[in-house]
1. Only one of (1) under 20 Å from Leu24 (Cα atoms); (2) in contact (Cβ under 8 Å) with a residue 24 or more places away in the chain fails for Val122. Which number is that?
2. How many residues, within the range 51-72, are of a type outside the set (Gly, Ala, Ser), touching a strand residue (DSSP E or B) at 6+ places or on another chain (Cβ under 8 Å) and under 15 Å from Gly141 (Cα atoms)?
3. Tell me, yes or no, whether the range 137-154 has at least one residue that is in contact with a Lys or Arg (Cβ under 7 Å, 6 or more places away or on another chain) and free of Cβ contacts under 8 Å to residues at least 60 places away in the same chain.
4. Please verify whether Phe52 is buried (at least 22 other Cβ atoms within 10 Å of the Cβ) and either at pLDDT 95 or above or assigned to a strand (DSSP E or B) (or both), treating the condition exactly as stated.
5. Looking only at the range 240-294, how many residues end up being crowded, with 17+ Cβ neighbours inside 10 Å, of a type in the set (Asp, Glu) and farther than 23 Å from Gln110 by Cβ?
6. Would you mind stating whether Glu93 is charged (D, E, K, R), farther than 22 Å from Pro260 by Cα, modelled with pLDDT of 95 or more and not in a loop (DSSP other than H, G, I, E, B)?
7. When both residues are 6+ apart or on different chains and their Cβ atoms are under 7 Å apart, which pairs have a first residue that lies in the range 58-80 and is closer than 19 Å to Arg191 by Cβ and in contact (Cβ under 8 Å) with a residue 12 or more places away in the chain, and a second that is part of a loop (DSSP other than H, G, I, E, B) and among the small types (Gly, Ala, Ser)?
8. Read through the list (1) in contact with a Ser or Thr (Cβ under 6 Å, 6 or more places away or on another chain); (2) crowded, with 22+ Cβ neighbours inside 10 Å, then give the number of the only condition that Phe116 fails.
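The values are calculated or read from the model by the stated rules, or taken from the named source; none is laboratory data. In this text the structure is predicted, and so the values were computed from the model without any measurement. With ideal geometry, Cβ positions are generated from the backbone for all residues, glycine too; neighbour counts draw on all protein chains shown. These area figures cover heavy atoms from the full protein model, side chains too; ligands, DNA and RNA do not enter into them. Shrake-Rupley method; radii C 1.70, N 1.55, O 1.52, S 1.80 Å.
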Amino acid sequence: MNSITMAEIDDPVRPEPAACAATLTLETAGGRYAYRRLGHPRRTPLVLLNRFRGTMDDWDPAFLDRVAAHRDVILFDNLGVARSGGTAPATLEGWAENVVAFVRGLGLAQADLLGFSFGGLVAQELTLRRPELVRRLLLVGSGAGHVDGANVNPEAIAVATKPVNTDEDFLFLFFRDTPTSQAAGRAYLARLRARDDAFEALVSALTWDAMLTAANGVSTAETSLLTRVGAIRHPVLVANGIEDIMIPTYQSYALAQAMPGARLSIYPDSGHAFLFQYPDAFGDEVVRFLADEEAPP
């Protein structure tokens with residue numbers, strides 16, 4: 001995989017390392033959002049929407065630093081999640097509208113969105129509901145909710161919904177069962193612990209139960225996002241690992257086929273968290289994809 005070149009992207013910055021970025025707050029009518037912002041302030045912000053049971057502390061600092069050298073990157077805990085206040089909704093529509101409130105509360109007219117796993121479902125719902133707010137869309141380790149013959153692995157769900165997850169659970173869920181992928185997973189977990197206040201706040205059982213309920217809203221053939229995402233006309237990057245046991249990789253193929261402006265990128269010897277196995281390579285791909293500052297038609 002080619003690294004980014006200065007011929008493709010100019011004027012990088014050296015932002016404060018993600019592991020040291022201050023946690024800020026935004027007060028809204030719906031509640032208080034906790035967030036961090038780093039990177040290149042002169043370019044369209046990239047807003048990161050997180051996975052099931054994920055917090056700001058689960059984003060790989062190596063990936064964040066790679067992208068933030070070229071982009072304005074915003075990560076946050078949605079309402080009801082970890083460091084934020086408020087209550088988590090039980091519908092994708094509610095999660096999407098809370099993202100809208102956060103983006104508008106920051107005074108942004110438009111943003112790029114990267115949705116990882118559950119965050120990808122939210123990003124699709126948001127783009128369908130508020131297309132004018134989104135410039136470019138990235139769906140990472142995500143799916144459509146339901147795809148015939150390629151639905152969520154019950155064993156993976158059983159592990160993901162344990163009251164407390166161990167490092168071994170994360171390695172099973174997010175990385176492929178090969179020596180190289182497992183080693184990359186351990187390196188990722190070590191990077192997360194570089195932050196002094198890492199995992200000071202976690203996702204409550206009440207909140208992740210709301211996440212499950214919201215995801216179940218698109219879990220049938222009739223309710224699948226595949227029935228609607230053809231209306232998304234934005235440039236879209238769909239990316240995954242070659243063997244995702246959380247959301248089968250074939251769901252990424254199905255999404256890319258359904259959206260007219262989508263491209264598909266599959267990473268080798270990796271699973272659900274391929275972006276943390278290849279933080280530099282995928283970070284470079286993100287930067288290249290976002291480089292065109294023209295808004296979609």
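1. (1)
2. 2
3. No; the residues of the range 137-154 include none that is in contact with a Lys or Arg (Cβ under 7 Å, 6 or more places away or on another chain) and free of Cβ contacts under 8 Å to residues at least 60 places away in the same chain.
4. The answer is no for Phe52.
5. Final tally of qualifying residues: 4.
6. Judged against the criteria, Glu93 is a match.
7. Close Cβ pairs satisfying both conditions: Pro61/Ala194.
8. Status for Phe116: all satisfied but (1).
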